[in-house]
Amino acid sequence: MRAAVIEEHGEPLTIQDVPYPEPQPDQVVIETEACGVCRSDWHAWQGDWEWFGIQTGPGQILGHEPAGIVADVGADVEQFSEGDRVTAPFHLGDGSCQYCQRGHVNICETSMPLGFLDAAPGAFAEAFPVREADFNCVTLPDAVDFTEMAGLGCRFMTAYHALTDRADLRPGDAVAIHGCGGVGLSAVHIADALGAEPIAVDVQDRKLDRARDLGAAATINAAEADNVPGEVHAVTDGGADVAIDALGIPETCRNAVGSLGKQGTHVQVGLTTDEEAGEISLPVDTMTLQEIDFHGSYGMPPVRYDELFRLIDAGTLDPSQIVGETLALEDVPATLSSMGEYETVGIPVIDEF
Ligand SMILES: [Zn+2]
Ligand SMILES: [Zn+2]
């Protein structure tokens, strides 16, 4: 089968002929119908993230935002059978640790990121295996199509978990969203749909235009503003209730924290680059005196998909609005390269394999 493979960090991916996956007893093999292309793919391709134990090597098939059809089922799998329309989150749990047992599969003790390590080849391929399928796979409702799901699978659900579970967003809250890539634009749409007031911050006007279309109450171009936190304070009543750093660089992280009012909640969603290697300094005294909370947020537990699907079915949320363009597998190398310059708007989705 065909797959897009890393040959060398930073060098264009190559389309190669690789063996079709055989399912282990706990696995299903999914025939890929759609898969999003994400900044995380770009990070892995650059060779980032060694500092937290993920080093994606040459030979890796990337791709962690899939939707598809179960094509083969391992002997121990009980919940899924051939022909099921499914997705899987990018964080594959083991199903047995204390976090998985409590439903927090996204923070599993032995979490395996799909498409970043040898043991879990990704979905930039005609098919891919999913471990512990009964725990990790999620059935797609008929109302959600594959392309929509691929847009939802990583960034949309990450934004949903960040806003609803980690920040406990309330209608009327002012939410400052720093960075309007796929996850930031998803957060704008979700915050607006849930009755909050999103304020979008980015350095590119075309991303801010998109944010306004998706419901941003105000936008701030950080490249033109002298004092981004000050501008957020100016358009909110004493600062934002919730701030999201959807990028993961010092400017966006500190601007997000600075844009909060007292007792505000920061949610860190973006992971850092090799410049920071996981370290960003913060004004901790101010945060202490103002009782500001700092939360991390990683993916979303599969049990939470039900709620998302209900909101999509009701028309409250529409993940298709975040899909930027659809591509063929051959287009992935060029799309990934263009991400270094932040050229993509919305979520590019491969729908031709
Ligand atoms: Zn992703
Ligand atoms: Zn686990």
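Summary table below
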| read-out | value |
| --- | --- |
| Solvent-accessible area per residue, Å², over segment 127-285 with all protein chains present [probe radius 1.4 Å] | 37 Å² |
| Solution diffusion estimate, µm²/s, Stokes-Einstein, segment 1-56, Kirkwood Rh from C-alpha pairs, 4 °C, viscosity 1.567 mPa s | 97 µm²/s |
| Loop sites in segment 254-353: GluC sites (Glu not before Pro), DSSP, at most 12 other Cβ within 10 Å | E275, E279, E291, E341, E343 |
| Computed magnitude of the charge dipole of the chain (debye, nearest 20; Cβ of K, R +1, Cβ of D, E -1) | 820 debye |
| Label-point separation in nm, D205 to V284, each point 7 Å along Cα→Cβ | 4.2 nm |
| Convex hull projection area averaged over all views, segment 1-111, Cα basis, nm² | 7.7 nm² |
| D (Stokes-Einstein, µm²/s), Kirkwood Cα radius, segment 156-296, 1.002 mPa s at 20 °C | 150 µm²/s |
| Of S81, G195, T14, farthest towards positive along the dipole that unit charges on Lys, Arg, Asp, Glu beta carbons give the chain | G195 |
| Amide H within-cut-off set for A127, under 5 Å, with H built and near neighbours excluded | T32 |
| Two-decimal Rg to Rh for the chain - Kirkwood Rh, Cα set | 0.96 |
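The values are calculated or read from the model by the stated rules, or taken from the named source; none is laboratory data. Please read these numbers as outputs of a predicted model, since none were measured by experiment. As a convention, Cβ positions derive from the backbone with ideal geometry for all residues, glycine included, and neighbour counts pool all protein chains shown. The accessibility values were calculated without ligands, DNA or RNA, using every heavy atom of the protein model including side chains. Shrake-Rupley method; radii C 1.70, N 1.55, O 1.52, S 1.80 Å.
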